[in-house]
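Quick notes on the structure that follows.
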Amino acid sequence: MAGAPVIRAEHLGKRYRLGARGRQSSTAGDAIAAAASRLLGRLRIGRSTEVSDDILWALDDLTFEVQPGETIGIIGRNGAGKSTLLKILSRIMEPTTGFAEITGRVGSLLEVGTGFHADLTGRENTYLNGAILGMKRAEIERKFDEIVAFAEVDRFIDTPVKFYSSGMYMRLAFAVAAHLETEILVIDEVLAVGDIQFQRKCLGKMNDIARHGRTVLFISHNMEAIQRLCSRGMLLDRGRLMASGSIGEVVTKYRATERRLVDIGRFNARGRSGTGWARIRDLRLVDIAGRPVPGRPAEEDLTFVVDLELHNASMVGASLRGLILELVIHSDQGQPLVSLMSIDDEGVELPSAAGCRITATLSGPTFLPGRYRLNAFLGIPYREHVDEVPDALEFEVLSPVHPWRPYELHSSRQIVCRKASWTCTVDAPFAGASVP
Amino acid sequence: MSQVSPYPVALSTRRLAAQSGWSLGRLTEIWEYRELLYFLIWRDIKVRYKQTVLGAGWAIIQPVLTMVVFTIFFGRLAGMPSDGIPYPVFSMAALVPWTYFATALSSGSQSVVGSQHVISKVYFPRLIFPLVSVLGPLVDFGIAFLVLIALMFWYGILPGAAVLWLPALLLLSILTAAAGSVWLSALNVQYRDVRYVVPFVIQLWMFASPVIYPASHVPERWRTLFFLNPMAGVIEGFRSALVGGSSPGWITLVSAAVVIVSLVAGAAYFHRLEGTFADRI
């Protein structure tokens, strides 16, 4: 490929300090304490040291180039660094290491409707949002009619958006964003708005954008959409660039590694944090016989077994008593679905012992077939995180062996299936009107 | 087919890397984003009195009520001297610039943290946030100023030629509010203590400024120190320009110089931190 790249990234890296993430010394007291400990550390060792456990490289040594007019799909699991990359390219964040050189204006659509104000009318919000996204007033004026027509809100354009239905709101927000005319567009899953019909319209618009010679970087979990829109793909995993090439190849590779990378049904403590004096030693999904399994059929109970132990008992009284265990089941896309807590009614109290085994059973039917993740939390809510393990377990809900419904379960809708207790009564007027 | 650049103009290349060292950044970038600045100010004004019965009437009621309270408590009950000016006019002439300054500083110090949602989703020079907070309340200032003129008319007081100083004094109060806001809004991202400290600072600052008492009431030997407070100069200047009384001296020029230096230093501090705002918020 000839010519100068529009984006050239070299050794791009972004580091986070875990635990402190997002709230680095949020009060002066913390800052003084941190400064004091840094000073002490310096006196003792000569330079401040950083415990490697506490550091996460959200992006790790990324080097790539993007040619003008390319449409790039960025693929990877949650936490692979996709959003971090887009945030760096759109100047929201600074990289910790390396650099990126960008030629031209970057429009970032990491969300639709940024800066929308509920009290302002559709017209006012269009101008405001357009300006926030980087459009000039004249540009918005020129495209105003087109935006309104695209959003299908013409009748309500002078109504405050707080009276809009969520569909109308999203349509207008997307319409403004879609008319942004920067040379480079960076898009994060904004397609997931509105009803199916509007989603299709959005995809069509994205297609137009992609075909008009603009450079697009696009994140989505929707492999079908990404293959339709993008010519090239980049696969990220834990901050590293794993593959780059034609979109078809990259998607295939992603699907393959996805299956291989994840130890489904195996306890994974990689992301653990917390004070750590007590720990989750193991966490597994078991079948009726108590054997660890990667998945269970949808109609069966989901039984999780958790082994807890005191890790550093000398710190606090040698007892698990008073701690709470919480298991949160998430969809594969990271949407939290269900929380199970050991203090729930019919829950258990953790014993005054150095270790124990806890069993939590969620009665079936549970979820639609698909992948799910489990986050585990051991501690005292709002007070102390003793051991928190995100993505502690990935498990599968399999197609039912004995379907309890005569209809097919649609796995595209990630919802929970439960059995309710149903009753049916017939009111007096209807009682007499029965068919003879 | 040869590859033709789809862009008619030559595009500049920008290098994105970790910010190091102190600099003022590209202040010209603010100029490029002037339309956004305008839209955000317009939004703040538009939204401020939405869903209130009295609407923009609040811009009149707030200073007038404060003036009435001050007149009753300080003017009548405490018998505060007012350089021979009727106390209502005396306090209103101070409250108009002071209310502007206090509003601008308190909203300015919250401006970055209060916009965390936008900061984590879209880029524009973050300095826009404190600027919006400092420039927005000027509309209320204008309304309150008209009330002050009406009040002077009522008391039959006519301003002299010194009134020409007003734009310069207003500019000084804008710069003071901007300097404070730029520092505090950046500090607030790192230390949320700022939020609790600012109301106290504003309250103390008011007592350190000649709002309820005349500067002539300050002992002579403290006068120089007293006027190092730029708002003391602004308020005393406002009062003497409009209704007469003692006027601030050359020392106000010194305080103006201090304000400009701290504004420039604040902008550099802000610029040093702005790249990390999205991480810290």
Quick one: plug the Kirkwood hydrodynamic radius of region B:234-281 (C-alpha pairs) into Stokes-Einstein at 20 °C, 1.002 mPa s, and report D in µm²/s.
-> 161
Size-normalised alpha-carbon gyration radius of region B:30-270, reference 2.2 N^0.38 Å | 1.03
Cross-link partners of B:Lys121 among aspartates and glutamates (Cα-Cα below 12 Å; sequence separation of 8 or more within a chain) | A:Glu111, A:Asp188, B:Asp279
Sequence neighbours fewer than 8 away in the same chain don't count; with that in mind, list the lysines whose C-alpha is under 20 Å from A:Lys162.
-> B:Lys46, B:Lys50
Quickly work out the B:Val218-to-B:Ala150 label distance, labels modelled 7 Å from Cα along the C-beta direction, and quote it in nm with one decimal.
-> 3.2
Let a ≥ b ≥ c be the square roots of the eigenvalues of the Cα gyration tensor of region B:71-160; is it rounded (a/c under 1.5), or, if not, prolate (a/b larger than b/c) or oblate?
-> prolate
Tell me, rounded to the nearest percent, the portion of alpha carbon pairs in region A:278-398 spaced more than 23 Å apart.
-> 29
Quick one: compute the contact order of chain B, relative version, from alpha carbon pairs under 8 angstrom and 6+ residues apart, as a percent.
-> 28
Against the longest alpha carbon principal axis of chain B, how many degrees, from 0 to 90 and to the nearest 10, is the axis of helix B:166-190 turned?
-> 50
Square roots of five times the Cα gyration tensor eigenvalues for the protein assembly as shown, Å | 54, 33, 30
With labels modelled as points extended 7 Å from the Cα through the Cβ direction, what inter-label distance (nm, one decimal) is found for B:Val258 paired with A:Ala256?
-> 7.0
As a percent rounded to 5, the proportion of antiparallel DSSP bridges among beta bridges in the protein assembly as shown is 75
Give the long-range amide H neighbours of A:Leu59: residues separated by 5 or more places, or on another chain, with amide H under 5 Å away, using H modelled in the peptide plane at 1.01 Å from N.
-> A:Lys14
Mean-position separation - Cα centroids, region A:358-380 and region B:171-186, in angstrom = 52
For the pair A:Glu249 and A:Arg405, how long in nm is the line joining their label points, each one 7 Å along Cα→Cβ?
-> 4.2
The ³J(HN,Hα) series, computed from each phi in region B:215-227 with the Karplus coefficients 6.51, -1.76 and 1.60 at θ = phi - 60°, rounded to the nearest Hz and given as x for glycine or proline, is 4, 5, 6, 7, x, 3, 6, 8, 4, 4, 4, 4, 7
Over the Cα atoms of region A:194-236, what Rg and Dmax result, in angstrom?
-> 10.8, 31
Efficiency of FRET from Cβ geometry, B:Leu204 and A:Gln67, R₀ 60 Å, rounded to 0.05 = 0.50
Taking the Cα centre of the protein assembly as shown as the origin, how large is its charge dipole in debye, to the nearest 20, when only Lys and Arg (+1) and Asp and Glu (-1) carry charge on their Cβ atoms?
-> 1080
Report the calculated FRET efficiency for A:Asp158 and B:Thr13 (r = Cβ-Cβ distance, R0 = 41 Å), to the nearest 0.05.
-> 0.45
Relative contact order, percent, of region A:278-398 when contacts are C-alpha pairs under 8 Å separated by at least 6 residues?
-> 32
Pop the C-beta distance of B:Ala168 and A:Ile343 into the FRET formula with R0 = 56 Å and round what comes out to the nearest 0.05.
-> 0.30
Along the dipole axis of the protein assembly as shown (charges at Cβ: +1 for Lys and Arg, -1 for Asp and Glu; origin at the Cα centre), the most positive-end residue among A:Ala298, A:Pro400, B:Val89 is B:Val89
Quantify how strongly other chains surround peptide A:89-101 by giving the mean number of their Cβ atoms within 10 Å of each of its Cβ atoms.
-> 5
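Read-outs throughout are calculated quantities, based only on the coordinates presented, and are distinct from any laboratory measurement. Please read these numbers as outputs of a predicted model, since none were measured by experiment. Neighbour counts are summed over all protein chains in view; Cβ atoms, including those assigned to glycine, are modelled from backbone coordinates with ideal geometry.
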